[in-house]
1. Can you tell me which condition CYS56 does not meet? The list is (1) more than 30 Å from ASP5 (Cα to Cα); (2) modelled with pLDDT of 75 or more; (3) outside any helix (DSSP H, G or I), and all the others hold.
2. Specify which of the listed residues (ASN392, ASN416, ASN342) is outside any helix (DSSP H, G or I) and at pLDDT below 90.
3. Among residues belonging to region 379-413 that are among the basic types (Lys, Arg) and in contact (Cβ under 8 Å) with a residue 24 or more places away in the chain, point out the one that is nearest to THR327 (Cα to Cα).
4. Give the number of residues within region 97-125 that are within 15 Å of the chain's Cα centre (by Cα) and not in a strand (DSSP E or B).
5. Among the residues that make up region 196-217, is at least one of them touching a strand residue (DSSP E or B) at 6+ places or on another chain (Cβ under 9 Å) and without any contact (Cβ under 8 Å) to a residue 24 or more places away in the chain?
6. Could you list, in sequence order, the residues of region 22-55 that are free of Cβ contacts under 8 Å to residues at least 40 places away in the same chain and crowded, with 16+ Cβ neighbours inside 10 Å?
7. What single numbered condition from (1) surrounded by fewer than 18 Cβ atoms within 10 Å (Cβ to Cβ); (2) within 18 Å of GLU270 (Cβ to Cβ) fails to hold for PRO199?
8. Of the residues HIS162, HIS128, which is over 30 Å from GLN307 (Cα atoms), surrounded by 16 or more Cβ atoms within 10 Å (Cβ to Cβ) and either under 16 Å from the mean Cα position of the chain (by Cα) or touching a residue at least 12 places away in the same chain (Cβ under 8 Å) (or both)?
Amino acid sequence: MDIDDLGKTIAACMDDGVSRLAAISRMLSVFFGGYVNECANEQSYAFLLSDACEDCHDQLHDMESRTVEHRRSSKPDSAVYNRPTDEAEKSLHDDCIERISPIYIGFSGGDDMFFVGPWDEAVEFGRHIRRELRAYCSGMLTISAGYFLSREKYPIGRAVEHAEERLEMAKAYSDDGITKNAAWLFGKTRAWESTDTSPGMTELIDLGIEFEELLETGELSQSSLHAFLELGTETDSETIDPNDAAVGVQKEWKVKYILSRNVDEEIMSELEEKIPKALLWITVPISWASLQRGELAMTTLTSEQAQKVNNTGDRIGEMFVEQGVSTSQLRKVYGEIKQAENEFKFEDSPEQAKRTLLLLKPHLAYAAARKENMSVVNKKISNLIDPVIKNNSSEEMELFFRLMEAIVAYHAYYDNKKGDS
């Protein structure tokens with residue numbers, strides 16, 4: 001996470017004299033040098049020791065819990081930690097519990113910070129830091145964030161690099177009259193706050209939490225989420241403006257149709273307004289709910305594979321921008337690739353995913369015949385598809401999907417840079 005446009009803020013304060021500049025420096029030092037650690041400690045869980053008193057045992061028993069794997073031989077392989085409520089915190093005995101924070105602060109100082117934790121705790125902690133910073137400086141400063149999700153054994157140095165890349169994408173955000181003050185999560189970059197026409201990252205995460213709760217109670221099915229994902233992919237691949245009134249009405253009734261077949265009237269009334277405007281970024285709430293339910297497998301790449309995906313995605317994404325490939329042109333191609341990915345991941349149908357990718361090739365050739373700038377897209381992506389179809393390897397297919405995600409992300413990055421220059 002990194003504060004936006006701090007240089008401009010400091011330059012503006014210079015007009016008010018050195019004392020004003022010193023006050024800003026002290027304020028940031030207190031917040032990033034000390035307060036964020038207190039925020040992390042506030043998120044702590046408590047592990048009940050074997051000789052804990054009965055009162056502490058009773059208080060922790062029904063509270064939110066999380067299983068923690070220990071890496072120390074002196075500890076059990078895993079243990080259940082409970083998160084005390086504010087009220088219970090006051091009455092728990094220190095000699096009855098062991099505390100552990102799910103958030104580890106890698107560094108914090110100046111105007112930025114890096115932290116590690118369980119993916120859901122890390123996202124919530126980032127939202128908490130943003131709220132606290134906003135209150136701390138009365139909204140004068142904003143902060144952007146980039147999240148990188150990996151398995152627990154992924155090299156931390158690589159994770160830092162990937163998180164920084166995603167942070168740069170968040171800081172390059174510009175849409176709906178908003179610049180920066182954004183977050184990158186689950187392949188999407190959005191401003192934290194919503195506008196009248198589109199949801200912000202905060203609202204998308206809240207929708208994911210709502211999906212998670214409805215899945216847990218059985219009031220919403222996983223098949224409904226798959227249907228919304230397909231509709232979102234269709235919206236994302238369209239070359240027309242998805243905010244167009246006619247398109248909006250069409251998407252709205254499709255959402256209502258899906259909801260009417262799968263949920264009761266009360267749930268439908270809650271979701272029928274939220275989902276249509278979130279379709280372009282529906283992967284964020286669906287990924288949240290699916291990961292929480294353990295129904296979305298996270299890709300594990302070696303450090304060499306991750307580096308290759310990053311470098312190749314960077315190179316091809318920049319090349320597409322140089323050749324004049326527009327965002328809408330690339331979105332249309334990526335929409336079909338996302339359909340194949342959904343078939344591979346959610347429907348567990350790699351053969352159908354291969355057929356979808358194979359059928360993409362004539363579409364690419366046709367697009368290249370119509371538009372000269374699409375020739376490079378046809379050549380590059382067709383060459384990437386060929387080994388995926390030829391080899392019966394799930395790992396190769398995963399690599400292809402991750403590479404396409406990187407290409408689209410870097411295309412957006414270099415396209416924004418080109419527009420700013």
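The values are calculated or read from the model by the stated rules, or taken from the named source; none is laboratory data. This structure is a prediction, so every number in the text was calculated from the model and none was measured. All Cβ positions, glycine included, derive from the backbone under ideal geometry; neighbour counts span all protein chains shown.
1. Looking at each condition in turn, CYS56 falls short on (3).
2. ASN392
3. Per the stated criteria, the residue is LYS380.
4. Selection size over region 97-125: 9.
5. Checked against the condition, which is being touching a strand residue (DSSP E or B) at 6+ places or on another chain (Cβ under 9 Å) and without any contact (Cβ under 8 Å) to a residue 24 or more places away in the chain, region 196-217 yields at least one hit.
6. The one that is free of Cβ contacts under 8 Å to residues at least 40 places away in the same chain and crowded, with 16+ Cβ neighbours inside 10 Å: ILE24.
7. With (1) surrounded by fewer than 18 Cβ atoms within 10 Å (Cβ to Cβ); (2) within 18 Å of GLU270 (Cβ to Cβ) applied to PRO199, the lone miss is (1).
8. HIS128
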